[in-house]
Amino acid sequence: MAFLAVVTALTSARASCALGIGSWNRLDLLVMGNALVAWLLYSLRRQGVPIRFDTAVAGLLLDGGRVTGAVLRGPEGKRPILALRGVMLATVGVAWKPALRERLFPEAARPLYLAPEGSTGDGIAAGMGIGAALDDAGDSVGLWMPCSVLERPDGTRSVWPHVVLDRAKPGLIAVNGGGRRFVNESDSYHDFCMGLLRAGTAPGRPAHLVCDRGFIRDYGIGLVHQGKRRLTPFLDAGYLIESATLKELAGQIGVPPAALERSVAEHNRFAATGVDEAFGKGSTPMNRFNGDPENRPNPCLRPIGPGPFYAVAVRPADLAGSAGLCADASGRALDTEGRPIEGLYVGGNDMASIFRGTYPGPGTTIGPAMVLAWRAARRG
């Protein structure tokens, strides 16, 4: 084999890595990212590239300091595969690797993550095993999404990513463990969570989204969809917290009552003028686009109340990693002295982000992954 790509199969819940790109077991219309992956899969099949599912990378092969292949572990056991030109690691980064999460991630962000279950940090671990350097990526080790969790009676759980649609709507605030606002709720999911992490929320103390019954009727919140009338299942599960007064709600979510009441009162004063003097909610085109254009003067602000009042707990979850293995502009993995490791390439979330822990927008991970893969293939 000329070039071996060790890639996590995102579409198989049990797959850890594959040769090539994972396949889709879907018959419906594919759009956006799904369509991109489907086209990549089609291209691989057209070129006759072998793809192996339920297969993990167990280590890298070295000969005279050069990476010459990898040891893969699959249903039939371990098997070495040689690669004449090189090996590229792209296995979704830190993901479910406990040792790496413990080493790199802030404590509040360790328990919850959105990577597929087959993403166990094998690529980064394999690279570090032969001397590749690990980079924490500067501003942030991850790209974050605020998520709420519904625990089902059967022991499974549903994790809901609060992308922006409920957070940006008028009549909602987010408060930290002190009962105070800490961020512009309409900002991007990554920026929202960066504010949450800066606020020092402990692992057992999530932030809470707070609203009233009218908000749920008009916009919904998390798993409670717009117009939902029967709230009992969400209340019984503890996903949605309900109280007649803000003081009672504060007691239920474990924040100081006076602080929560002040936060709501201040927010309502801003809603009356249409100007959020604390965090600027509704002050940018993106904020206003995701708000309610029928709500004036600010599409992202309206008073909270009267009761009953509701809260949903949210925690930061990594949707992708910024921390990863050091690499040069051709995707070559670098050792701890900054020297290229011959025959070893890295891309995707296995590579430390070129954006150094910032999140400029959609494509922050897939764009560099595609470009670096192309450059690595050209060089290798």
- Note on the structure: In segment 135-151, anything loosely packed, with under 15 Cβ neighbours inside 10 Å and either of a type outside the set (D, E, K, R) or in contact with a strand residue (DSSP E or B) (Cβ under 7 Å, 6 or more places away or on another chain) (or both) is listed as GLY138, GLU151
- Query: What pairs come up if the first residue lies in segment 242-268 and is more than 11 Å from GLY179 (Cβ to Cβ) and assigned by TED's automatic domain parsing to the domain that holds ARG229, the second is at pLDDT below 95 and surrounded by fewer than 16 Cβ atoms within 10 Å (Cβ to Cβ), and their beta carbons are under 8 Å apart, counting only those six or more places apart or on different chains?
  - Reply: SER243/GLY307; ALA244/GLY307; THR245/GLY307
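Would you mention how many residues in segment 45-58 are within 27 Å of the chain's Cα centre (by Cα) and not polar (S, T, N, Q)? Give the steps one after another, and end with the answer.
First pass over segment 45-58, keeping only residues within 27 Å of the chain's Cα centre (by Cα): 51-58.
This time we only want the ones that are not polar (S, T, N, Q), so: 51-54, 56-58.
Of the residues in that region, 7 qualify.
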- Message: Would you confirm, using the coordinates I've provided, whether ALA272 is crowded, with 17+ Cβ neighbours inside 10 Å, outside any loop (DSSP other than H, G, I, E, B) and in contact (Cβ under 8 Å) with a residue 24 or more places away in the chain?
- Response: no
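Consider segment 340-354. How many of its residues are in a loop (DSSP other than H, G, I, E, B) and in contact with a Leu (Cβ under 6 Å, 6 or more places away or on another chain)?
Pass one, segment 340-354, residues in a loop (DSSP other than H, G, I, E, B): 347, 352-354.
With the extra rule that they be in contact with a Leu (Cβ under 6 Å, 6 or more places away or on another chain), the set shrinks to 347.
Of the residues in segment 340-354, 1 are in a loop (DSSP other than H, G, I, E, B) and in contact with a Leu (Cβ under 6 Å, 6 or more places away or on another chain).
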- Task: Hey, can you tell me all the residues within segment 90-134 that are surrounded by fewer than 18 Cβ atoms within 10 Å (Cβ to Cβ), within 21 Å of LEU4 (Cα to Cα) and touching a Leu at 6+ places or on another chain (Cβ under 8 Å)?
- Result: MET128, GLY129, ILE130
- Looking at (1) assigned to a loop (DSSP other than H, G, I, E, B); (2) at pLDDT below 85, which is the one condition that is false for ALA18? (1)
- Item | Extreme residue, surrounded by the most Cβ atoms within 10 Å (Cβ to Cβ), among residues of segment 157-173 that are more than 19 Å from PRO308 (Cβ to Cβ) and in contact with a strand residue (DSSP E or B) (Cβ under 9 Å, 6 or more places away or on another chain) | ARG167
- Task: State yes or no: is ALA317 surrounded by 18 or more Cβ atoms within 10 Å (Cβ to Cβ) and more than 28 Å from MET194 (Cβ to Cβ)?
- Result: no
- Query: Can you find even one residue in segment 60-69 that is in contact with a helix residue (DSSP H, G or I) (Cβ under 6 Å, 6 or more places away or on another chain) and either in the same structural domain as SER330 (by TED's automatic domain parsing) or within 28 Å of GLY200 (Cα to Cα) (or both)?
  - Reply: yes
- Report, by residue number, each residue of segment 366-380 that is over 11 Å from ILE354 (Cα atoms) and not in a loop (DSSP other than H, G, I, E, B). ILE366, MET370, VAL371, ALA373, TRP374, ARG375, ALA376, ALA377, ARG378, ARG379
- Which of the residues that make up segment 311-339 are within 26 Å of SER188 (Cβ to Cβ) and part of a loop (DSSP other than H, G, I, E, B)? SER322, ALA323
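The values are calculated or read from the model by the stated rules, or taken from the named source; none is laboratory data. What you see is a predicted model, and the numbers here were worked out from it, not measured in a lab. All Cβ positions, glycine included, derive from the backbone under ideal geometry; neighbour counts span all protein chains shown.
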